[in-house]
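J.: Below is a structure I'd like to ask you about.
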Amino acid sequence: MKLVLVSAVALIDPDGRVLLAQRPEGKSMAGLWEFPGGKVEQGESPEVALIRELKEELGIDTWSSCLAPLTFASHAYEDFHLLMPVFACRRWQGTPHAREGQTLKWVRAKDLSQYPMPPADIPLIPILRDWL
């Protein structure tokens, strides 16, 4: 089974809310909510991939020093196994805005379970709730 490495981030605003992005129509798992991030390309570290993805998807800049390792997800989907390091980030430059057709929403940690998510993301909810 193919291993897919994806990097994700819990962007946390000054009010302690976390940014979720809704997968747009046409993508697999469309309509589900997830933490921003994306595939780690050949030769990239998870941090470098996340910095690139945040720029491409949300139009914001951050730095490796602002990405704190938080947890990881490991989930077997039907045709691949996902390994996803998850970082927490409280400092970035710019205002996040949807650049790839996704819907964005700032959500309180206690409300994260109200948003349908891909199976790999669901175990992250109690970790974030306890941490925030």
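Just so you know, all these numbers are worked out from the coordinates, no wet-lab data involved. Quantities reported herein were computed from a predicted structural model and do not represent experimental measurements. No Cβ is skipped: glycine too gets one built from the backbone with ideal geometry, and neighbour counts run over all protein chains shown.
J.: Can you name every one of the strands (runs of 3 or more DSSP E) wholly within the range 1-118 that holds 1 or more residues which are surrounded by 12 or more Cβ atoms within 10 Å (Cβ to Cβ), aromatic (Phe, Trp, Tyr) and touching a residue at least 60 places away in the same chain (Cβ under 8 Å)?
T.: 80-89, 103-108
J.: Okay, moving on. Please work out if residue 88 is small (Gly, Ala, Ser) and farther than 30 Å from residue 2 by Cβ.
T.: Considered against the rule, which asks whether it is small (Gly, Ala, Ser) and farther than 30 Å from residue 2 by Cβ, residue 88 comes out as no.
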